[in-house]
Structure formats: structure tokens, C-alpha cells
Amino acid sequence: MPEIDDGTRLLSYQGDRIHHKSVRKKTAALTILKGAAEKSVIMLLIISAWEALPRLGLVDPFLLPPFSEAVKSLLRLFQSGEMFRHITISLGRSGLAFLAAVVFSIPVGTFMGWNKRIEQIIDPLLQVCRNTSTLALYPVFILFFGLGETSKIAIILWGTVWPILLNTIAGVKEADPLLIKSARSMGITRTGLFLRVVLPMALPSILTGLRLSAATSILMLVAAEMLGADRGLGFMIFYYQERYAIPEMFGGIIFISVLGVLINYLLVHLEGRLTRWKERTVKG
């Protein structure tokens, strides 16, 4: 029986590897497409119902125009350049408030989570502030800061600071004590313990807080711009509602929804990249 030489075996092995890689890529692509299709079914049904109900006369088209009409109105707003003006102002306000919330909440939350005695003393005040309606405080912010940009940024900041702060505190507090003891037994410094053990373990919780705050910043933005503003996405929606330009109003609402989903997707992607070590730990 003739023997197969090493070169033939190598070519056969390489061919098998290429084949298996190709199969894995196809399987992964099919899995992604299947997941996307499953997630899209509900949205497609809702959009189809939105489009059909007004056209069939089951809903007053003046109060709820078809989805396609709202999208056409949104495209016209982009073509006229009006949408870009409102987007720039709104993202500037929410972005500045969100950045201020991050800069304040992560260091303060880390300090409070690391010092349990201080956290226990301040926690009742945090719970009271967190559960106070942000919109109910809007008149207070207007009273102190007026109707200018400061009051709008302040109210968005107030709404966005709590998810990051509380999640940071929880993440630092829930660091695995066994790992902390192990690190201390190896002579790690207090700073090294915090940077190399506690902070990485708290990172998933902190990133969850960032996602929640990003969503809250969009909600607070719309509410803040509906009063005392002359530009911005919230102002635009309120402006068209007052003038009964309903398709334009729904177009603005659709854009804000898409913007919120996009921001959440980017933060989820960032969370996945920054916490890959967690997946590797679970697999290991």
C-alpha cells in the first residue's frame, strides 16, 4: 500500500483547516443574521401597523400620519438643513452634561465605594436625591439659573449623574473579597490593589451606569428644551406640535429614538471591548 508523503499530509491538513474556518464563518454569519431577524420582527410589526392603520382609516391620519410620511418629513428637515442646527445644539447640551456627570460621578462613587463608612453616612441623602423627580425640580433650576443654557445643562446633569454614581459605588463595593485578600497576601500596594484589582472588577458596573445615564441624558434633553428654548430637538418637536405639523413632530421623535438606540449600541460595543477579560475568565 503506497504511503502518503509529508507534503501531501500537510496540504490535506491545511485544506481541512481552511474548510473548518469557512464553515465557522458561515455559521457565525447565519447566527448573526438569525439574531438580527428575531430582534427586528417586533419593530417591523409595529412599523407595519403604524403604516397601515392610518391608511385604512382605522386611525385619524391627522393625529397619526403613516410612518412613511413621518420619515419623508424627517428627510425634508435634513435636506433643508434645519435638522442639523437642532442636532448640534442638542448634542452639545447633552454631551456637556453627560461629560460633567462622568467626571464627577466616577471619582466620587469610587471614593464612596472604597470607604464604606462614608458611603453608609451619605447613602440616605443619595437615595432622597435619586428618588426626587428631575422634572419636578425644573422650576428650581430656572429660579436659580434662569432660562439660559445653564439651567438646561444643570437639569440634564442632575438626571444623568445618579446612574453612574450609584453603579460605581455598587461596583467598587462588590469587588471579590477573596481576590482582594489574595492580592494583599502577595504584597501589593494600596494603590496597586485599587488600580489592578478593584477598578477592573467594578468596570462592568460602571459601564452599565454610563449606558443608563446616556439614555437619561436624551430624555432629560427633550424635556429641558421644551421650555424656554429656541433651538434643539426638544424645542423642534414642541414647536411643530403647537403648529399641528404632526408629520414633522413624529419625524423628530423617530430621530431621537434612533439616536438613543445608536448611542446605546456604541456603549454596549465599548463595554464588550473593555470587559473581554471577564469572558476569558468565565471560559477559563
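The values are calculated or read from the model by the stated rules, or taken from the named source; none is laboratory data. All values reported here derive from a predicted model rather than from experimental measurement. No Cβ is skipped: glycine too gets one built from the backbone with ideal geometry, and neighbour counts run over all protein chains shown. Surface areas here come from the heavy atoms of the whole protein model, side chains and all, with no ligands, DNA or RNA. Shrake-Rupley method; radii C 1.70, N 1.55, O 1.52, S 1.80 Å.
Computed over neighbours whose Cβ is under 14 Å from that of L193, the net charge equals +3, Lys and Arg +1, Asp and Glu -1. In the complete set of protein chains, residue-level accessible area for L45 is approximately 110 Å², probe 1.4 angstrom. On average over all directions, what projected area in square nanometres does the range 41-199 have, based on the convex hull of its Cα atoms? Averaged projected area of the range 41-199's Cα convex hull equals 15.7 nm².
The ellipsoid that matches the Cα gyration tensor of the range 225-272 has semi-axes, each √(5λ) in whole angstrom, of 27, 12, 5, with the longest given first. The residue among A214, T189, W158 whose Cα reaches farthest toward the positive pole of the charge dipole of the range 136-216, with charges on the beta-carbon of Lys, Arg, Asp and Glu, is T189. A dipole drawn for the range 50-159 from +1 and -1 charges on Cβ atoms has a positive end, and of L135, G92, L75 the residue lying farthest that way is G92. With K and R counted +1 and D and E -1, the other residues having a Cβ less than 15 Å from that of A245 yield a net charge of -1.
Length gained on full extension, A223 to L126: 32.6 nm, using 0.36 nm per residue less the C-alpha separation.
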